[in-house]
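Structure record follows, encoded as structure tokens.
Please treat every number below as a calculation from the coordinates, not as lab data. Predicted, not measured: the structure shown is a model, and the values here were computed from it. Note that each Cβ is placed from the backbone with ideal geometry, even for glycine, and that neighbours are counted across all protein chains shown.
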Amino acid sequence: MSFSEKLATTIEKNNSLLCVGLDPAPKQIPNRYRQQGDTASIFDSIYNWNKAIIDATADLVCTYKPNLAFYEALGEPGMILLRKTLAVIPAHIPILLDAKRGDIGSTAAAYAQACFEDLKVDAVTLSPYLGRDSVDPFAAYEGKGLFVLCHTSNPSADEFQKLEISDWRMLDREENWPLYLHVARAAVQWSPAIGLVVGATYPDAMKAIRSVAPDAWFLVPGIGAQGGDLAKTMDAGLRIDKAGLIISVSRGIALADDHRAAAETFRKSVNQARE
């Protein structure tokens, strides 16, 4: 089953646009999951933490999003931990790997192979800075989802993403656009599998991106710990079918005393805004 089919099925089944991030940092492990013993127990603790989140929220989400960096930082045992975590996610729920890969040629092909053949995830985040060449090897995998960084949620995103530039190929027949709109307009033409990463902390930018990418799925970080406004986000980014947004929450659920209650609160707020 393709990413888009899994996503649509899970959204309908769970009545949810909520994505839960699985981004474990050893210093943040809640005490109730900590194992006593040597260093190896850190990995058992994180596995128990991840599994508890998944068990508590599997009927409340549309996808899970592990961030590869948190597992790579733990070395080889961290990658074993990632594989164990992926294995306990129910098969019908799509897995979106937050890897932000962006290279060309054989390197991009190797990254794509690692994501889709080795880890067997359903979708991945990508950087568009090198252009279409960096995305094509991922798009060659039929049925996979690709989310291209467009306007991110971090405070310094404006340094590059809002630079106003003209497309010289248009011979100045159109006004200057911010870089993120050029990215959105170009990327969605590279492949029908492409969605965009659009941060909730910039609702005006999201509204502008939706105007040039009316059909694309947006992966939306920034709700919760980063302070994004959910109501403004939904108003700016929802498609006319009241879908099109995957609302990603990580720390707001992972660090909550009750993972299920936190996820239910976020899902309810998202669904209220959809209506």
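Summary of computed values
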{"quantity": "Environment charge at ARG239 (Cβ cut-off 10 Å; Lys +1, Arg +1, Asp -1, Glu -1)", "calculated": "0"}
{"quantity": "Candidates per GluC sites (Glu not before Pro) in segment 117-226, loop by DSSP, up to 13 other Cβ within 10 Å", "calculated": "GLU142, GLU174, GLU175"}
{"quantity": "At R0 = 30 Å, FRET efficiency that the Cβ-Cβ distance of ASN176 and ASN154 yields, to 0.05", "calculated": "0.80"}
{"quantity": "Over the chain: helical MRE at 222 nm, DSSP H runs n ≥ 4 each giving -39500 (n - 2.57), nearest 500", "calculated": "-12000 deg cm²/dmol"}
{"quantity": "Model label zone, ALA73; criterion: amide N under 16 Å from point 7 Å along Cα-to-beta-carbon; scope segment 241-274", "calculated": "250-252, 254-255"}
{"quantity": "DSSP bridge pairs, the chain: antiparallel proportion in percent, nearest 5", "calculated": "5 percent"}
{"quantity": "Difference of contour (0.36 nm per residue) and Cα-Cα distance, ARG251 to THR265", "calculated": "3.7 nm"}
{"quantity": "Among TYR141, LEU82, ALA99 - extreme Cα towards positive end, dipole of the chain, charges at beta-carbon", "calculated": "LEU82"}
{"quantity": "Of GLY131, THR63, ALA200, farthest towards positive along the dipole that unit charges on Lys, Arg, Asp, Glu beta carbons give segment 3-274", "calculated": "THR63"}
{"quantity": "Convex hull per residue volume in Å³, alpha carbons only, for the chain", "calculated": "123 Å³"}
{"quantity": "Local net charge near TYR111, Cβ-Cβ under 14 Å (Lys/Arg +1, Asp/Glu -1)", "calculated": "-4"}
{"quantity": "Global geometry of segment 89-147, whether rounded, prolate or oblate, following the gyration tensor of its Cα atoms and the 1.5 cut on a/c", "calculated": "prolate"}
{"quantity": "Length added when fully stretched, ALA109-ASN31, from 0.36 nm per residue minus Cα-Cα", "calculated": "24.0 nm"}
{"quantity": "Per-residue HN-Hα couplings for segment 49-57 [Karplus 6.51, -1.76, 1.60; θ = phi - 60°; Hz; x = Gly/Pro]", "calculated": "5, 4, 5, 4, 4, 5, 4, 7, 10"}
{"quantity": "Length added when fully stretched, SER2-ASP204, from 0.36 nm per residue minus Cα-Cα", "calculated": "69.6 nm"}
{"quantity": "Neighbour-count ranking [beta-carbon atoms within 10 angstrom, fewest first] of ASP229, ASP118, ASP23", "calculated": "ASP118, ASP229, ASP23"}
{"quantity": "Dipole moment magnitude, nearest 20 debye, segment 3-274 about Cα centre, only Lys, Arg, Asp, Glu C-beta charged", "calculated": "580 debye"}
